[in-house]
Structures are given as structure tokens and as C-alpha cells.
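Reading through the C-alpha cells given below for one structure.
The values are calculated or read from the model by the stated rules, or taken from the named source; none is laboratory data. As the structure is a prediction and not an experimental result, all values here were calculated from the model. All Cβ positions, glycine included, derive from the backbone under ideal geometry; neighbour counts span all protein chains shown.
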Amino acid sequence: MQSELRAKLLEAFSEANGEFISGQKISEYIGCSRTAVWKHIESLRKDGYELEGVRKLGYRITKKPDKISSNEIQLGLKTEYMGRNIFFEEIVDSTQKIAQNLAADGTPEGTIVVADMQSNGRGRMSRKWYSPSGTGIWMSMVIRPNIPVIDTPQLTLLTAVAVTQAIEEITPLHPNIKWPNDILLNNKKIVGILTELQAEADQVHAVIIGIGINVNQRTEDFPEELQSIATSLHRETGNTIERAKLIQAILLKFEQLYTLYISKGFLPIKLLWESYSISLKNELIARTLTGTIQGKAIGIDDNGVLLLEDNDKKIHRIYSADIEL
Ligand code: BTN
């Protein structure tokens with residue numbers, strides 16, 4: 001089905017809020033014949049929508065597939081610029097790689113790349129990021145802040161707050177953030193964030209923020225080695241979550257926090273981040289590329305750098321590490 005017609009049809013059903021709409025009304029709304037309406041309804045069914053058709057009443061959607069597409073993300077999106085330019089593909093090697101190329105070609109701020117599946121998802125510290133089809137959110141966002149390069153880690157913390165708040169809005173869950181950017185539920189990882197830069201010494205050209213969220217995976221969908229350390233929103237709530245709705249909520253939260261950050265600086269974001277953090281005030285082990293440091297997390301500085309106090313009261317500034325609580 002042509003994508004504008006499908007978008008209009010879905011819009012009509014979404015406005016009807018689960019009530020029936022007559023075939024006549026649909027055909028007027030999307031501007032095509034009753035036969036064409038029937039064909040479009042059949043095509044939605046093929047794509048996993050469940051529709052009830054009752055004579056004299058018309059049709060209503062009883063169940064939506066958890067599908068993501070540009071249409072599903074854009075329909076009902078409340079942002080001004082985040083996600084207004086969408087690149088969606090069913091399968092990519094890594095959304096991060098595509099977003100990097102688009103950023104280098106001058107794509108506007110707010111561009112997002114979303115895929116249903118990644119064959120070569122990338123995590124922090126050159127790790128692989130498991131990104132199967134139909135269950136997760138694999139998304140990269142391009143932003144172009146006019147800030148010093150040294151401040152860019154703040155955006156990772158801002159993103160972690162935005163995703164945490166979006167999860168709180170869409171589900172009854174209350175996740176925590178583990179410095180710098182892991183989002184946890186019951187001590188298991190649910191979200192990973194990877195921030196990459198295109199910059200010169202004194203100018204940021206683009207920040208590419210990759211977000212991976214385990215949404216609808218069941219326990220058995222995770223490889224065995226991940227089952228005890230990773231979880232999904234479905235595992236924690238027992239419910240199937242509409243991925244497109246969660247993406248919309250993340251984009252809106254991100255845009256609101258980013259606007260606040262640009263006008264008021266990092267302090268309000270830092271306070272929010274601290275309120276969700278489980279790293280602070282705790283003893284932890286930081287494994288950096290150059291060694292392991294054990295100590296108490298006494299705070300983050302104004303750049304988002306973790307301050308770790310060891311047994312000799314020496315304070316270490318941790319820029320990048322794996323944290324063990
Ligand atoms: C981490 O190691 O915790 C960060 C994981 C980031 C994964 C996301 S999924 C979307 C984007 N594309 C990638 O290849 N990686 C990021």
C-alpha cells in the first residue's frame with residue numbers, strides 16, 4: 001500500500017480510538033473507493049493488524065502489530081525537530097554507521113536512523129550489541145550542538161535521563177542509571193547508549209547518539225550469556241510495549257531536555273541524572289583501559305566525569321570505564 005494512504009488510514013483509526021468507522025467514512029477520509037478501502041484493510045491484516053469488520057458499523061482495529069516504520073513513528077510525534085527526518089530500514093549492519101555517514105553529508109539536526117534489526121550492532125569499548133529483529137529499539141540520533149568538545153559527555157548523561165523518563169512515562173517501571181549511560185532494572189541492563197563525535201579540536205560538527213533498548217524480548221530470546229545480566233521491558237512488566245510509542249516519547253523527552261540544556265546549561269540535567277543514579281555514594285570498581293580503580297563514587301563533575309575516591313582519599317577522575325557495583 002502506498003505509504004501516504006496507509007498513514008491516513010492509520011490516522012483515521014487512531015482518531016476513532018478503538019471505535020468503529022464506516023467504510024464510507026474511511027473512503028472519504030483517505031479519498032478512494034470502497035473497494036480500495038477493502039483492499040487497504042486486507043493489506044493491513046497481512047501486516048499483522050487485527051481488524052474487526054461488522055456490517056453497518058464498519059471496521060475497527062482490535063490489535064496492532066508491534067511494527068516500527070517511519071509512518072508509525074511519525075504518526076502522533078509531538079516534537080518540533082527530533083525525528084522529523086527519519087531513515088528507517090528493516091535490516092542494517094549498524095544504525096550508528098548510517099547516522100555517521102548522514103552526519104558527514106550534512107544531514108540536519110534531529111535526524112534519526114531506526115532499524116528493526118542490526119546485523120552488526122556496536123556497543124561501547126568495541127563490543128558487539130545484540131540487536132535481533134522485532135523486539136528492540138535500535139536507533140541513532142544526529143544532533144549539532146554548539147558546545148565545546150570537552151562538554152560532549154554531558155549529552156550522554158542527558159540522553160540517559162531522557163530514555164529513563166520516557167520508560168517511566170510508557171511503563172510503570174522506575175529504572176536507574178549506572179554511570180555513565182547504562183539504564184538498569186533490577187540490576188540488569190535494559191538500555192545501552194553509545195555517543196560518538198564528529199569534531200575538530202575546537203568545534204563539534206555532529207554528535208551521533210546510539211540508543212539500544214531491549215523492549216519485547218522474552219527470557220529465552222536472549223543468548224544464554226546475557227540472560228542473567230540483561231533484561232527487557234516485557235520481562236519486567238509482562239506486557240508488550242509498542243516500540244514506536246516509546247521512540248516518540250524518547251524523542252520528545254530528549255528535545256525538551258536538550259532545549260533546557262542549551263538555554264540553562266548542564267546543571268539542571270546533572271541534578272536529574274543524580275536523582276536516577278545508582279552509582280553515586282556507593283563503593284564500586286571502575287575498569288578503565290589503563291587499569292582498575294576501586295573506591296567510592298562521590299559525584300560527577302560539571303562535565304559528567306565520575307569522581308572516585310580511593311581508600312587513600314585520592315580522587316580519580318574517570319572519563320570512560322566499565323563499572324562494577
Ligand atoms: C553499550 O555498549 O552499552 C552501548 C550500546 C549501543 C547500542 C546502540 S543500538 C543503536 C546504535 N547502533 C549501534 O550499532 N549501536 C547503537
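Keeping to region 29-61, report how many residues are in a helix (DSSP H, G or I), touching a residue at least 12 places away in the same chain (Cβ under 8 Å) and of a type in the set (G, A, S).
Number satisfying all stated conditions: 1.
Considering region 156-205 alone, what residues qualify as being within 11 Å of the ligand (Cβ to nearest atom), more than 30 Å from G106 (Cβ to Cβ) and in contact with an Asp or Glu (Cβ under 7 Å, 6 or more places away or on another chain)?
Within region 156-205, just K189 meets the criteria.
Output the residues belonging to region 165-177 that are part of a strand (DSSP E or B) and surrounded by 22 or more Cβ atoms within 10 Å (Cβ to Cβ).
So the first thing to find is which residues in region 165-177 are part of a strand (DSSP E or B), and the list is 176-177.
Once the filter is applied, which keeps residues that are part of a strand (DSSP E or B) and surrounded by 22 or more Cβ atoms within 10 Å (Cβ to Cβ), region 165-177 yields only I177.
From the set of residues in region 187-208 that are of a type in the set (S, T, N, Q) and farther than 17 Å from A160 by Cβ, which is modelled with the lowest pLDDT? It would help to see each step written out before you state the result.
The initial filter retains those residues of region 187-208 that are of a type in the set (S, T, N, Q), namely 187, 195, 198, 203.
Next cut, farther than 17 Å from A160 by Cβ only: 198, 203.
On the way: Q198: 98, Q203: 94.
The extreme case among them is Q203.
Mind checking which residues of region 279-305 are without any contact (Cβ under 8 Å) to a residue 12 or more places away in the chain and either hydroxyl-bearing (S, T, Y) or surrounded by 12 or more Cβ atoms within 10 Å (Cβ to Cβ) (or both)? Give the steps one after another, and end with the answer.
To start, the set of residues in region 279-305 that are without any contact (Cβ under 8 Å) to a residue 12 or more places away in the chain comprises 290-292.
Listed by number, the residues that qualify are T290, T292.
Regarding M139, is this residue near the ligand (Cβ under 9 Å from one of its atoms), among the hydrophobic types (A, V, I, L, M, F, W, C) and surrounded by fewer than 17 Cβ atoms within 10 Å (Cβ to Cβ)?
On the way: near the ligand (Cβ under 9 Å from one of its atoms): yes; among the hydrophobic types (A, V, I, L, M, F, W, C): yes; surrounded by fewer than 17 Cβ atoms within 10 Å (Cβ to Cβ): no.
Taking the combined requirement at face value, the residue does not satisfy it.
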